[in-house]
Amino acid sequence: MYKYNADDLALIQERAAQFRDQVARWSAGTLANDDFRPLRLMNGVYVQRHAPLLRVAVPYGMVSADQLRTLARISRRYDKGYGHFTTRHNLQLNWVRIEDVPDILDELAKVEMHAIQTSGNCIRNVSSDQFAGVAPDEVIDPRPLAEILRQWSTFHPEFAYLPRKFKIAISGSADDRTLGWYHDIGLQLDSAAGEPTFTVLVGGGLGRTPLRAQVLKKNLPWRHILSYLEAIVRVFNLNGRRDNPYKARLKILVQSLGLREFTRQVAAEWAALKDGPATLTDAEYQRVAACFVAPNYKTLPAQDKQLEAQKTAHPDFARWLARSLHPHKIPGYAAVTLSLKAPGQAPGDLTADQMDAVALLADTFSFGEARVAHEQNLVLADVEQGRLFELWQAAQKVGLATPNIGLLTDMICCPGGALCDLANAQSVAIAQAIQARFDNLDTLTDIGELSLNISGCINACGHHHVGNIGILGVDRQGEEYYQITLGGRQGKDARTGKVIGPAVAADRVPDVVENIIKVYTRERRPQEKFSATFERIGSAQFKPCLKENFA
Amino acid sequence: MSALIKYVDGGFNLSADDWQIAPRDAAPQTLPAGNWLYPLAVWQAHEKTIRAQNKRFGLWLAAETLPADLSKLKVQDFAAIALSFPKFADGRAYSLARLLRERLVYTGEIRAVGDVLPDQLLYMWRTGFTAWALREDQNADAALALLKNAAGQHMLRHAYQGAIIPPAPLFRRNATQTPLPNQTP
Ligand code: HEM
Ligand code: SF4
């Protein structure tokens, strides 16, 4: 993990002190509400339905055991003893008092954490791949450059008041686990002649106007990434719309200028910035990369000898393994996803006791580190295969071993009406109703890999557009209705789904999902994934699923 | 007009303000003698008159100004250039200031006018602003006090990225590169 030096630490301490002063002036009435609002947003403080929330950054998803323990302590002391992991690696504390936030920031700073730029119209927490550094399909570990981007974007004085929020994802693998196609900027690292290069995707986003990114530049040498990003963000800052927040994202600018004209403007700007002081140096890359060197791996056989016997003796363990493991590039190791999607749990929620438990698991099994996946799960990236059984037993005790990773009940879901002011719908209640309907593991396993994403309103915080099944809460004359989209997907060929028909009432959603699953399992060819079946047979076949008399 | 904050000789100070913003429809010959910041359209329509009648003149630029508008001007001729913040959350002027300094090598005063608040002042300073006409309801003394921390040092001494101040990113300056020991027991 990245280790702060004196400058890094001074910077976040200064910010915490500055925010303390801003809160004091706001409380005293010398800083007006409207003037305070963007300041608190840039420090991760939203005011939502019931209470302010604090969104703590987990930069590119890396979190240490010590940090988890601090988060647990903070959530007990200042909140209700739990937190919510978002789709962009942040932890939301939903019930803080604004007056306590300065103290919380001080405590976070002690473990090299902060809430900087987790909301507001600025460059947000950079997100990345939860299997960075360990995935066999990885070309280049994205984390050193992700950290370099974190530093570059932190308090960037020119880009603190952009037309709208700005989200960057960075990936270094053959597959894309970062949803790069649906970020303002998606960065894909590759390697040309031994040097890292970037493919720069631009203008993606979800929300009201879901748009897939377009390729802006290929083969950009890594040294130029900061000047190139400055060129893009400057063009956006000067030209993005500011009259309507729904038209203010970069995607709208790229769409209205057209890719050619946007590319021309960025190229003109970059011509003046290229090779300037923002050009990265080998020394800086190496300094940061030194924090991400491989841990002290043991030399192990590629296949652990006992594992097969353990699987045979414990079918539940075998079932959990089948869902929770991701291959590892070091022989004898595996990356393990801990499910935050247990039945009855709000997707992505974790109690303080569980945070402590994950810290202990990380210390015991994975070199003291964990990661946050954008699917709202946690990952222990470096587990010896020979210790998986032990890990499974320990994870089970704290409710983190639900064998549903990648299955229908591993839903992405926003907090919705339970917490969010903008919600049309109780997305968590819908998630729980679907979980309850699909509580049989055999059924779930038979259905196979399938993503179901739920957003409580058109802002799409729950990524409903890119779920195989997407569920969106809409308001119908004061009543909660749900619009169903099908065929979305993540990954290298990510795309958004299609609306299959009119929205349905809340109590019908589990039926409709079940109908969709019936059609899919009836029509699919062997091994065929949902989105492929959907594309092959088309939405007409699924449309009857919305009807009450579907048989 | 409320007091002006200026950055001169390495420090922020209160200063008397001897500039006024000319109305958008001003006919320069009808304005009383004084130091005027002319809106771009006024300048474009009356450049000759203004040059003939004043030794010192300044420019007022709306947030909508584009780099292409600037490149046609002889910016060095202006003693001051005012960049407007219609709302403090409208950040276009940050980029304009940086372009004026970096691209057009403008060395005169760049002042922030409009919805200018103390909490944004240091970001503006880092992108090339040197003078601030605060929003009417703001207290300039209080604003000055906010620029320093409890130890009397300037805030934001630890900027990561290069801008106008500092011109180089931290990794090209004297970065302290020794990791601290872990902070938690
Ligand atoms: C305080 C509660 C929240 C509020 C008020 C809020 C507000 C919004 C708004 C207004 C948008 C639309 C932005 C646009 O279209 O330009 C948005 C998008 C988004 N939010 Fe949230 N959100 C909240 C919580 C969350 C949570 C809990 C998550 C993660 C589970 C999340 C993740 C996202 C993502 C991934 C997007 C899509 C970004 C895009 O359009 O590209 N947000 N949010
Ligand atoms: S999708 Fe809508 S309801 Fe859900 S968190 Fe975002 S803004 Fe709130």
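Before moving on, here are some points about what is shown:
- Any chance A:Glu384 is more than 16 Å from ligand 2 (Cβ to nearest atom), open to solvent by 10 Å² or more (accessible area, probe 1.4 Å), among the charged types (D, E, K, R) and touching a Gly at 6+ places or on another chain (Cβ under 7 Å): yes
- Looking across the range B:50-76, the residues that are buried (at least 17 other Cβ atoms within 10 Å of the Cβ), more than 11 Å from every other protein chain (Cβ to nearest Cβ) and in a loop (DSSP other than H, G, I, E, B) come down to B:Asn54, B:Phe57, B:Ala62, B:Leu73.
- Filtered residue count, the range A:188-200, keeping only those that are touching a residue at least 40 places away in the same chain (Cβ under 8 Å) and open to solvent by less than 10 Å² (accessible area, probe 1.4 Å): 1
- Restricting the range A:68-89 to residues that are buried (at least 21 other Cβ atoms within 10 Å of the Cβ) and either within 14 Å of chain B (Cβ to nearest Cβ) or of a type in the set (A, V, I, L, M, F, W, C) (or both), the residue that is nearest to A:Asp349 (Cα to Cα) is A:Phe85.
- Sole residue being outside any helix (DSSP H, G or I), at pLDDT 95 or above, closer than 18 Å to A:Glu384 by Cβ and not hydrophobic (A, V, I, L, M, F, W, C), chosen from A:Thr364, A:Thr337: A:Thr337
- Of everything listed in (1) aliphatic (A, V, I, L, M); (2) within 14 Å of chain B (Cβ to nearest Cβ); (3) touching a helix residue (DSSP H, G or I) at 6+ places or on another chain (Cβ under 7 Å); (4) assigned to a strand (DSSP E or B), the single unmet condition for A:Leu54 is (2).
- A:Gln92 being within 15 Å of ligand 1 (Cβ to nearest atom), within 14 Å of chain B (Cβ to nearest Cβ) and either in a loop (DSSP other than H, G, I, E, B) or within 18 Å of the chain's Cα centre (by Cα) (or both): no
- Residues of the range A:1-54 that are on the phi > 0 side of the Ramachandran plot and more than 25 Å from the chain's Cα centre (by Cα): A:Gly29 alone.
Table: residues versus (1) open to solvent by less than 50 Å² (accessible area, probe 1.4 Å); (2) modelled with pLDDT of 95 or more; (3) touching an Asp or Glu at 6+ places or on another chain (Cβ under 7 Å).
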{"position": "B:Ser95", "(1), (2), (3)": "yes, yes, yes"}
{"position": "B:Thr130", "(1), (2), (3)": "yes, yes, yes"}
{"position": "B:Asn139", "(1), (2), (3)": "no, no, no"}
{"position": "B:Ala151", "(1), (2), (3)": "no, no, no"}
{"position": "B:Pro166", "(1), (2), (3)": "yes, no, no"}
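- The set of residues in the range A:420-430 that are near ligand 2 (Cβ under 9 Å from one of its atoms) and either closer than 16 Å to A:Arg508 by Cβ or in contact with a strand residue (DSSP E or B) (Cβ under 7 Å, 6 or more places away or on another chain) (or both) comprises A:Ala423, A:Asn424, A:Ala425, A:Ser427.
- The set of residues in the range A:23-36 that are surrounded by fewer than 19 Cβ atoms within 10 Å (Cβ to Cβ) and at the interface with another protein chain (Cβ under 8 Å from one of its Cβ atoms) contains only A:Thr30.
- Residue within the range A:220-240 that is away from chain B (no Cβ under 11 Å), closer than 17 Å to A:Leu273 by Cα and open to solvent by 50 Å² or more (accessible area, probe 1.4 Å) present: yes
- Cβ-Cβ under 9 Å pairs, at least 6 apart or on other chains, the range A:244-255 side not assigned by TED's automatic domain parsing to the domain that holds A:Ile185, far side within 16 Å of ligand 2 (Cβ to nearest atom): none
- Under the condition of being in a loop (DSSP other than H, G, I, E, B), in contact with a Phe, Trp or Tyr (Cβ under 8 Å, 6 or more places away or on another chain) and more than 8 Å from chain A (Cβ to nearest Cβ), the residues counted in the range B:107-127 number 3.
- Number of positions in the range A:431-459 that are open to solvent by less than 10 Å² (accessible area, probe 1.4 Å) and either within 17 Å of A:Ala505 (Cα to Cα) or within 16 Å of ligand 2 (Cβ to nearest atom) (or both): 7
- Residue within the range A:250-271 that is at the interface with chain B (Cβ under 10 Å from one of its Cβ atoms) and either of a type in the set (A, V, I, L, M, F, W, C) or buried (at least 22 other Cβ atoms within 10 Å of the Cβ) (or both) present: yes
- Number of positions in the range A:172-187 that are under 25 Å from A:Lys329 (Cβ atoms), open to solvent by less than 10 Å² (accessible area, probe 1.4 Å) and within 16 Å of ligand 1 (Cβ to nearest atom): 6
The values are calculated or read from the model by the stated rules, or taken from the named source; none is laboratory data. Computed from a predicted model, the values in this text were never measured in an experiment. Glycine also receives a Cβ, built like all others from the backbone with ideal geometry; neighbour counts cover every protein chain displayed. Surface areas here come from the heavy atoms of the whole protein model, side chains and all, with no ligands, DNA or RNA. Shrake-Rupley method; radii C 1.70, N 1.55, O 1.52, S 1.80 Å.
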